[in-house]
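Working notes, structure below.
The values are calculated or read from the model by the stated rules, or taken from the named source; none is laboratory data. As the structure is a prediction and not an experimental result, all values here were calculated from the model. For neighbour counting, all protein chains shown are included, and Cβ atoms are generated from backbone atoms with ideal geometry for every residue, glycine included.
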Amino acid sequence: MWGKKSVMFNVSNLTVSVEDNEILKSFSLDVGPGEVHAIMGPNGSGKSTLAHVCAGKEDYTVLNGEINLNGEDLLDLEADERSTRGLFLAFQYPIEIPGVTTLTFLKSSLEAHYKANNREVLSTPDFMKLVKKKAAELNIDDSMIKRPLNVGFSGGEKKRNEILQMALLDPQICILDETDSGLDIDALRLVAEGVNNLRNEKRSFVVITHYQRLLDYIKPDFVHIMYNGKIIETGDSSLALELEKSGYNNYIK
């Protein structure tokens, strides 16, 4: 439909079930380097299932298909291996981890990535310089990274903390699973600014959302309507505006 293009991240004919109930049905998606794809659709379409399966969450049965990043099938890898290969998932509801500071969590995560990719682990002073630099770029106060991970954080703080994780880990494909859930307009704008700061010609995004308002700030290259486990319509950013006005009834049959 869109002609030939370079593909970095590819989901091909993915069929997934949960307790013998098929959720994804021959789902396919091609994402090129630097592209932003938005996936919209009514509840129960399989959007979050797609995000979880790509990231390697258990409890799903993959019946068919492939998920490839730079030509490597991620389905052969554990969740942590997918992460170190360059996939990042921003959760709809980030969990709280009492007793573990955000700074400790970030340092452990970055060290694991460096070791997996045969890179020399940063010294503590160099790590502190890096995390403070990234936090400043995202307008994150130093006090936030010293607190227990997500404990007592507002919805906006939790999402901005995930963007900081993303900036440090430097992934190639970022999947945002309804990252706008529960955010007021100011928090939404701050999170979107963080995402936009990380956009470049090599890093791609799959943005899963119910609402067009997020796409006012994160401009997608492609918008897909997902229904009943697969994509039923693809367009440019104007498709999201049309959905905001008329809903899904014109596309769901």
Go through the residues of region 174-186 one by one and say whether even a single one is at pLDDT 90 or above, over 17 Å from Asp216 (Cβ atoms), under 13 Å from the mean Cα position of the chain (by Cα) and among the hydrophobic types (A, V, I, L, M, F, W, C). yes
Is there any pair with a first residue in region 160-172 that is surrounded by fewer than 21 Cβ atoms within 10 Å (Cβ to Cβ) and a second that is aromatic (Phe, Trp, Tyr) and at pLDDT 95 or above whose Cβ atoms are under 7 Å apart and which are 6 or more apart or on different chains, and what are they? Leu169/Phe88
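Which residue is nearest to the chain's Cα centre (by Cα), if the candidates are limited to region 1-52 and must be outside any strand (DSSP E or B) and of a type in the set (Lys, Arg)?
Lys47
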Out of curiosity, is Tyr93 modelled with pLDDT under 95, under 17 Å from Gln165 (Cβ atoms) and either surrounded by 15 or more Cβ atoms within 10 Å (Cβ to Cβ) or not hydrophobic (A, V, I, L, M, F, W, C) (or both)? yes
Flag if Gly152 is of a type outside the set (Asp, Glu), on the phi > 0 side of the Ramachandran plot and buried (at least 20 other Cβ atoms within 10 Å of the Cβ): no
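Yes/no per residue for (1) of a type outside the set (Val, Ile, Thr); (2) in contact with an Asp or Glu (Cβ under 9 Å, 6 or more places away or on another chain):
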| position | (1), (2) |
| --- | --- |
| Ala167 | yes, yes |
| Ile208 | no, yes |
| Phe222 | yes, yes |
| Ser238 | yes, no |
| Glu244 | yes, no |
| Asn249 | yes, no |
Could you say which residue among Glu137, Glu193, Glu201 is more than 19 Å from Thr101 (Cβ to Cβ), of a type in the set (Asp, Glu) and at pLDDT 90 or above? Glu201
Working only within region 105-155, note down all residues that are in contact (Cβ under 8 Å) with a residue 40 or more places away in the chain and assigned to a helix (DSSP H, G or I). Phe105, Leu106, Ser109, Leu110, His113, Glu137, Met144, Ile145
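This table checks each residue for (1) surrounded by 15 or more Cβ atoms within 10 Å (Cβ to Cβ); (2) more than 15 Å from the chain's Cα centre (by Cα); (3) touching a residue at least 60 places away in the same chain (Cβ under 8 Å).
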{"site": "Ser204", "(1), (2), (3)": "yes, no, yes"}
{"site": "Tyr217", "(1), (2), (3)": "yes, yes, no"}
{"site": "Phe222", "(1), (2), (3)": "yes, yes, yes"}
{"site": "Ala240", "(1), (2), (3)": "yes, yes, yes"}
{"site": "Lys253", "(1), (2), (3)": "no, yes, no"}
Which residues, taken from region 201-225, are out of contact with any Leu (no Cβ under 8 Å at 6 or more places or on another chain), within 15 Å of His37 (Cβ to Cβ) and not aromatic (Phe, Trp, Tyr)? Arg203, Ser204, Leu215, Ile218, Lys219, Pro220, Asp221
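Hey, among Val16, Val36, which residue is within 20 Å of Ala79 (Cβ to Cβ), hydrophobic (A, V, I, L, M, F, W, C), surrounded by 15 or more Cβ atoms within 10 Å (Cβ to Cβ) and out of contact with any Gly (no Cβ under 6 Å at 6 or more places or on another chain)?
Numbers: Val36 fails: within 20 Å of Ala79 (Cβ to Cβ).
Among Val16, Val36, only Val16 is within 20 Å of Ala79 (Cβ to Cβ), hydrophobic (A, V, I, L, M, F, W, C), surrounded by 15 or more Cβ atoms within 10 Å (Cβ to Cβ) and out of contact with any Gly (no Cβ under 6 Å at 6 or more places or on another chain).
Scan region 173-181 and tell me whether some residue there is touching a residue at least 40 places away in the same chain (Cβ under 8 Å) and over 29 Å from Phe127 (Cα atoms). Lay out the reasoning, then the answer.
Step one: filter region 173-181 for residues touching a residue at least 40 places away in the same chain (Cβ under 8 Å), giving 173-179, 181.
Subsequent filtering for residues that are over 29 Å from Phe127 (Cα atoms) retains 178, 181.
Looking through region 173-181, at least one residue is touching a residue at least 40 places away in the same chain (Cβ under 8 Å) and over 29 Å from Phe127 (Cα atoms).
For region 53-84, give me each residue that is within 20 Å of Tyr227 (Cβ to Cβ) and either outside any helix (DSSP H, G or I) or touching an Asp or Glu at 6+ places or on another chain (Cβ under 8 Å) (or both).
Once the filter is applied, which keeps residues that are within 20 Å of Tyr227 (Cβ to Cβ) and either outside any helix (DSSP H, G or I) or touching an Asp or Glu at 6+ places or on another chain (Cβ under 8 Å) (or both), region 53-84 yields Tyr60, Leu63, Asn64, Gly65.
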Just a yes or no: is a residue in region 47-63 within 24 Å of Lys202 (Cα to Cα), crowded, with 22+ Cβ neighbours inside 10 Å and touching a His at 6+ places or on another chain (Cβ under 8 Å)? no
